[in-house]
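Take a look at the structure set out below.
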Amino acid sequence: MKDYIYLRISQKEPFDILYFTPSITWIFNLDDRSFTLSPELLYTGITNLELRLKATALAGGHFTEYGEKQNDYRIELRLRYYF
């Protein structure tokens, strides 16, 4: 698999919410028409700390790249501390 469309859309501080960045990422496989969709929320309002909440949904039929993955949905919470 080597032919993909990658689209990432993000908006820094929408509605004047400081240190908040929502985004969405879409990766589409042109060969088998399967895709992954990942909305994400990022908060950086605490010094040296980054909070990231990300959900991922995979879609595709049998024998497609994203349809054959072991998980269909996933939610992650990442905490990154800088020192």
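Please treat every number below as a calculation from the coordinates, not as lab data. Worth saying up front: this structure is predicted, and the values here are computed from it rather than measured. Positions of Cβ are backbone-derived with ideal geometry, glycine not excepted, and every protein chain shown enters the neighbour counts.
Taking region 61-76 as the range and being without any contact (Cβ under 8 Å) to a residue 24 or more places away in the chain and of a type outside the set (Asp, Glu) as the test, the residues that pass are HIS62, LYS69, GLN70, ASN71, TYR73, ARG74, ILE75.
Identify, please: which residue in region 29-48 is crowded, with 17+ Cβ neighbours inside 10 Å and assigned to a strand (DSSP E or B) and is, among those, nearest to the chain's Cα centre (by Cα)? By that ranking, first place goes to SER38. The condition (being touching a residue at least 12 places away in the same chain (Cβ under 8 Å) and farther than 22 Å from LEU7 by Cα) is satisfied by just one residue among LEU42, LEU53, LEU49, LEU58: LEU49. Checking each residue in region 1-28 for being under 20 Å from THR56 (Cβ atoms) and not in a strand (DSSP E or B) picks out MET1, GLN11. For region 1-26, the set of residues classified as aliphatic (A, V, I, L, M) and free of Cβ contacts under 8 Å to residues at least 24 places away in the same chain consists of LEU7, ILE9, ILE17, ILE24, listed by residue number.
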